[in-house]
1. So which of 253, 263 is crowded, with 22+ Cβ neighbours inside 10 Å and more than 19 Å from residue 160 (Cα to Cα)?
2. Looking at 472, 462 in this structure, which one is surrounded by 15 or more Cβ atoms within 10 Å (Cβ to Cβ), assigned to a loop (DSSP other than H, G, I, E, B) and modelled with pLDDT under 85?
3. If a residue counts only when it is under 24 Å from the mean Cα position of the chain (by Cα), which helices (runs of 4 or more DSSP H) contained entirely in the stretch 78-165 have at least 3 such residues?
4. Considering only the stretch 270-296, state which residues are within 20 Å of residue 370 (Cβ to Cβ) and crowded, with 17+ Cβ neighbours inside 10 Å.
5. Is one or more of the residues making up the stretch 613-630 at pLDDT below 80 and farther than 23 Å from residue 21 by Cβ?
6. Out of all the residues in the stretch 159-169, which are over 15 Å from residue 400 (Cα atoms) and either touching a helix residue (DSSP H, G or I) at 6+ places or on another chain (Cβ under 9 Å) or surrounded by 10 or more Cβ atoms within 10 Å (Cβ to Cβ) (or both)?
7. Taking the residues in the stretch 636-668 that are part of a loop (DSSP other than H, G, I, E, B) and under 42 Å from the mean Cα position of the chain (by Cα) as candidates, determine which candidate is modelled with the lowest pLDDT.
8. Does the stretch 325-344 hold any residues that are assigned to a strand (DSSP E or B) and touching a residue at least 40 places away in the same chain (Cβ under 8 Å), and which are they?
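The values are calculated or read from the model by the stated rules, or taken from the named source; none is laboratory data. These numbers were taken from a predicted model, which means no experiment stands behind them. Positions of Cβ are backbone-derived with ideal geometry, glycine not excepted, and every protein chain shown enters the neighbour counts.
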């Protein structure tokens, strides 16, 4: 029998419009309940304030609800989000205690009017919520170093969102062109993204729990130092709320921050650091050069490319700031060396010198805590941060353009990170996952097991003090010629002798008269000849000057540049090793096994979202699933203050779109909600059956 004559499925159609509930509606219901139970919606309504000119009767909480739903929906644009939300606008806003849904153009005007004070208030609530709740105690994870100390890794890096700009017609017959992206973008490095202008967003991630600590953005390439300071302040506040010492934190950064100026900023907050160095002049440092002449400390092989790198630990080097020579920072230099590629391909990372490609890594932790090979492996593990950024683009994409103003775009990005953290927290409530422990390869054999992680363990990254350091200067560099046109001997015509003297073209000696320390830390040395040598000299006219009688002897100056610092004596306990000195492995105490502890953040988020979107959601109530017609109602009774257009108080502004007591009630039934989550949100749970 043919199946076409006897179909197994009957298909019916209907002209009635019955929109389906969006798959992301269930998550918005849960997160709105979560915020209501924490009284965060009230806090946003009363603490995040903004006086707007063209936003109608709506307040900040109305637009926060829209952006929260937009972050949960993963819709490509705000236009598609509003179209999908339109049939369910009334119950959606009722979840947040509001009556009406603002128009999309009203949201645009609100984001354009956001002020720095409003943005700072929202950021404060976001960070305060993370400090009070979220992961804590042993669930913070950490890295156990070889001394048994607990280190918590924080990743700081930026993402870039490029914008395309077409050519604009200019002429007297046309209005003056205006770029709508001009207030929020600027020319800058676009990376692998196509565009003419760019905006940079710097993010702070707790690497073990995958919680966002903050986001700071700027036009173009951004303000690196200001964003790094903001990241350090956010990290210190997070650690203080969790009861962890700042010395246990390790700021893991890319090569953008691999200079002394940025390391001083981190040092001021007493935070540890690990960064890729970009100042390859360190390769010319005497200590580094001496270390490269010795055998390597180890060798690491990249698992995918199979590129083998030799690792050299050059020890601690102390440097200074040129603008502030009194500020010293001590950092440990690790150099990797690999064979230069045979093909003539441009290098993306590293410095090509001769037959090798060198890479620099700077850290604040000595070899007793983390050997050189583990420092390199720990930085390469930073690739997991790039994976988190990729997950963020797939799940939420906070770099989407929501506003053409700087504060409005950052307002949306804070809300997006807030949704990310709530997914982690609620996902952990649904299904508590055990901590994941990863054993890191240790180059030393017979390593005992790691002890329990103390929450307040002191770090061993103490740097030597300024009193224990001795300046290390480079060779003498004489002044460059400047008076050749006058046929006068320049400083380059004088020869430097081994006994710290100079020999003039006539064979006479010049001795040191003065040593002067410059603001940059370099040492200027002034050499002077004897008067009895210059007066009868036949070359005095070419040396001292035309018509000179030799009354003033010749002077020559040179500069010895400060290239580093070394210890005056043997380093005390807790200090780094003497630069260039090999460590005595046998003298070290028994080392612990290096372990990495974290939480499966991706699984928590994605299992949570996948479970909600796989189950059914029913919504009942007056006009649910349809656009209700505008009710005529009774004529409005105005007050004298309203007729006079007097300014409203903050409470009056907030109450204009508040849900009234006689508003229709809606019933939302979520299927697939675990009883544990229902109890956490104080929601009734029907028995399965």
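1. Working: 253 fails: more than 19 Å from residue 160 (Cα to Cα).
None of the others qualify; the one that does is 263.
2. Details: 472 fails: assigned to a loop (DSSP other than H, G, I, E, B).
From the options 472, 462, the qualifying one is 462.
3. Numbers: elements: 78-85, 89-94, 104-112, 116-132.
Helices (runs of 4 or more DSSP H) meeting the threshold: 116-132.
4. Matches in the stretch 270-296: 271, 272, 273, 274, 275, 276, 277, 282, 287, 288, 291, 296.
5. The answer is yes, given that some residue of the stretch 613-630 is at pLDDT below 80 and farther than 23 Å from residue 21 by Cβ.
6. Within the stretch 159-169, the subset over 15 Å from residue 400 (Cα atoms) is 165-169.
Matches in the stretch 159-169: 165, 168.
7. Step one: of the stretch 636-668, the residues part of a loop (DSSP other than H, G, I, E, B) are 636-639, 644-649, 656-657, 659-666.
Those still in the list that are under 42 Å from the mean Cα position of the chain (by Cα) too: 647-649, 656-657, 659.
Numbers: 647: 71, 648: 77, 649: 80, 656: 83, 657: 82, 659: 85.
For the stretch 636-668, the residue satisfying everything is 647.
8. The initial filter retains those residues of the stretch 325-344 that are assigned to a strand (DSSP E or B), namely 328-339.
Result: 328, 329, 330, 331, 332, 333, 334, 335, 336, 337.
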